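Taking it in order: structure first as structure tokens, then the write-up.
The values are calculated or read from the model by the stated rules, or taken from the named source; none is laboratory data. Worth saying up front: this structure is predicted, and the values here are computed from it rather than measured. Neighbour counts run over all protein chains shown; Cβ positions are idealised from the backbone, glycine included. Keep in mind that these areas ignore ligands, DNA and RNA; they rest on the heavy atoms of the full protein, side chains included. Shrake-Rupley method; radii C 1.70, N 1.55, O 1.52, S 1.80 Å.
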Amino acid sequence: MVTAIRLNEYSTAPLYNIKAVVQSTSISPSTLRAWERRYNMCKPQRSESGYRLYSDRDVAVIRWLKAQVDAGMSISQAVSWLQSLTDQAAPDEQTTLPDPTGRAVETPAPTALSRLELEDFSRFQERVLLGLLNYNEDGAESALAHAFTLYPVEHVGEHIIMPVLVEIGERWHRGELSITREHYATNYLMQRLAAILRTVPNATVRPIIWVGCAPGELHEIGAMLLSIYLRRAGYTVRYLGQNLPMDDLVAEVSVAKPDMVLFSATTSGAALHLRQLCELLAGIEPPRPIIGYGGRAFNLRPELRDEIAGVYLGATAAEAVESMDDLLTERARRGVRNV
């Protein structure tokens, strides 16, 4: 039985995007980016459009590091061990990474979420929804707490919390749910995410990213999820909240000079207010921040994206992190701030 990884046996050809690697290794995108940024543990190449592409060797290293962390080692210790093993290998020898579990370590091609995982997410959605609609906070909390023990925050956010939130909103629009129940359920999820945001350490270096909701936008869970993901990815994030005041925000951006300002809008009305705000931000004295936006309004009405002076970051908060990261990488490559 093979109990070690011989890195030279793995191809260095760039094949897999970050989504495929995440699905294959069960590591969250934010954790992977944080490891790359802080420890330089792998060096993905870039496609012609600027997106990361990982090789089989990269995936093998990521899986090995995750195995060490899962076994109780800190990521810094695991990376130091990896570097030591690499340095100790003679020029004519290949780097061999031991498997502490004694089990064979294989690196299969990345695959999509399994059917069982999708079914599991569906069951968690039902449990959380049932608890919230019956004012059973303990039941909802038990389901979410269980989900967090099995999956990274990003998976719980994208595959459990957001689908539950959408279902609650659709039931309310159909008249199947009272305003009181909708408020109770939404506020519970918001408070749960706010507690997570407070526990995620904030970086203290640039880039500095401001995240908030468009003027008139009162639904802030999407923006809060994005703030959590960004902090977990190692960024410095200032979360500004809902219904941002237009003139005041423009004045603050002009003084504080954040590197990025990201907005969320779930309704067409909020998206139209955001159009005016982004035009004002685009007119401030340079250096200007990168302006990014997303939210359900732009998913339901893609034509609205053409009306905003900024960059559409994707259909989900997880996609926004990847898009935003590529934007910052491109700006750093140019060596200039936005003007």
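Tabulated results
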item	result
The chain: angle of helix 29-39 to the longest principal axis, Cα-based, in degrees nearest 10	60
Antiparallel bridges, percent of DSSP beta bridges restricted to the chain (to nearest 5)	25
Lysines with Cα under 17 Å of K43, excluding same-chain neighbours fewer than 8 positions away	K19, K66
Stretch gain in nm, segment Y135-R46, where the contour uses 0.36 nm per residue and the Cα spacing is subtracted	27.2 nm
Size of the stretch 228-308 as Cα extents on the principal axes (Å, biggest first)	32, 31, 20
Between 0 and 90°, nearest 10: helix 115-133 axis offset from the chain longest Cα axis	30
Radius ratio Rg over Rh of the stretch 148-210, counting only Cα atoms, Kirkwood formula for Rh	1.10
Cα-projected label distance for A256 with S76, points at 7 Å along beta-carbon direction, nm	2.9
The stretch 188-257: relative contact order in percent, alpha carbon pairs under 8 Å with at least 6 residues between	37
Over the chain, relative contact order from alpha-carbon pairs under 8 Å, at least 6 apart, %	14
Average accessible area per residue (Å²) across the chain - probe 1.4 Å, nucleic acids and ligands excluded	49
Rg(Cα) / (2.2 N^0.38 Å) computed for the chain, rounded to two decimals	1.08
Carbon + sulfur, % of accessible area of the stretch 116-237 - ligands and nucleic acids excluded, 1.4 Å	57
Whichever aspartates and glutamates have a C-alpha closer than 13 Å to that of K257, once near sequence neighbours (fewer than 8 apart) are set aside	E285
Most fluctuating residue given options G314, G139, G175, as computed from a GNM of the chain linking Cα atoms under 10 Å	G175
√(5λ) per eigenvalue of the Cα gyration tensor, the stretch 189-339, largest first, Å	20, 20, 15
Ranked order, I209, I196 - accessible area, probe 1.4 Å, largest first	I196, I209
Accessible heavy-atom area order of Y16, Y293, highest first, probe of 1.4 Å	Y16, Y293
Mean separation of Cα contacts under 8 Å (6+ apart) over length of the stretch 114-225, as relative contact order %	22
